[in-house]
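Here is the structure we will look at, set down as structure tokens.
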Amino acid sequence: ADKKLVEELLPLARYIQARYREGRRIKVRWLSGSQPYDAILWSSGSLVERGGVPRRIFVEVTTSVHSNDHLKRQLLHQRGGSFGVKGIHQSGRDIVSKPHVFSGGENAKDLAQQILGSLHAKADKPYPPSTVLIVNCTTNCLMLDDEWADAVEQVRKASPRVGFREVFILDMLMSHTTTLY
């Protein structure tokens with residue numbers, strides 16, 4: 001239940017907060033199951049009546065994390081913490097965590113690769129028309145505003161094939177959000 005809250009419902013709520021405004025009321029139906037989306041949003045109001053916003057959209061939520069994130073969580077559970085995902089590796093049955101120093105631009109590059117990986121994983125799956133993809137990013141460390149902007153720009157320059165109405169990228173920790181069309 002906690003996993004669904006953190007990975008789906010909180011990002012969905014953040015997306016709705018970003019889209020709710022005068023002229024647009026939104027009703028939400030969150031779904032738990034094997035359908036190719038996590039929620040349906042019904043909009044009403046003058047923005048819908050004037051054709052600026054569709055009446056119904058589907059929403060798919062995905063999480064973007066470093067490939068070592070599961071090791072970090074395992075160390076947190078076993079030992080109470082780690083140095084972070086970049087300094088972790090498996091050595092036999094042991095998980096080894098060493099400090100890692102980020103060099104200029106590395107944090108943004110890592111995040112951009114995570115986001116692109118999430119987009120690639122969703123690219124060939126069949127989604128209904130008017131589906132929005134929410135990419136909930138778990139960053140490797142605190143992401144400063146300029147690092148976030150740099151990561152987003154790297155994603156844009158990569159021109160990923162995206163079959164969604166929009167892609168809403170967010171970092172819940174620092175409240176960064178960006179929309180790609």
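The values are calculated or read from the model by the stated rules, or taken from the named source; none is laboratory data. Keep in mind that this is a model prediction, so the values were computed, not measured. Ideal geometry is used to build each Cβ from the backbone, glycine not excepted, and the neighbour counts take in all protein chains shown. Note: areas computed on protein heavy atoms with side chains; ligands, DNA, RNA excluded. Shrake-Rupley method; radii C 1.70, N 1.55, O 1.52, S 1.80 Å.
Results, tabulated for the structure shown:
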item: Sole exception among (1) among the hydrophobic types (A, V, I, L, M, F, W, C); (2) assigned to a loop (DSSP other than H, G, I, E, B); (3) open to solvent by 100 Å² or more (accessible area, probe 1.4 Å) for residue 102, by number; result: (3)
item: Hits in the stretch 11-28 (condition: at pLDDT 95 or above and either in a strand (DSSP E or B) or of a type in the set (A, V, I, L, M, F, W, C) (or both)); result: 12, 13, 16, 18, 24, 25, 26, 27, 28
item: Selection count where residues are open to solvent by less than 60 Å² (accessible area, probe 1.4 Å) and either without any contact (Cβ under 8 Å) to a residue 24 or more places away in the chain or over 18 Å from the mean Cα position of the chain (by Cα) (or both), scope the stretch 58-71; result: 2
item: Out of 40, 115, 26, sole residue that is out of contact with any Asp or Glu (no Cβ under 9 Å at 6 or more places or on another chain), surrounded by 12 or more Cβ atoms within 10 Å (Cβ to Cβ) and closer than 24 Å to residue 144 by Cα; result: 115
item: Filter pass, residue 109 being assigned to a helix (DSSP H, G or I) and in contact with a Gly (Cβ under 9 Å, 6 or more places away or on another chain); result: no
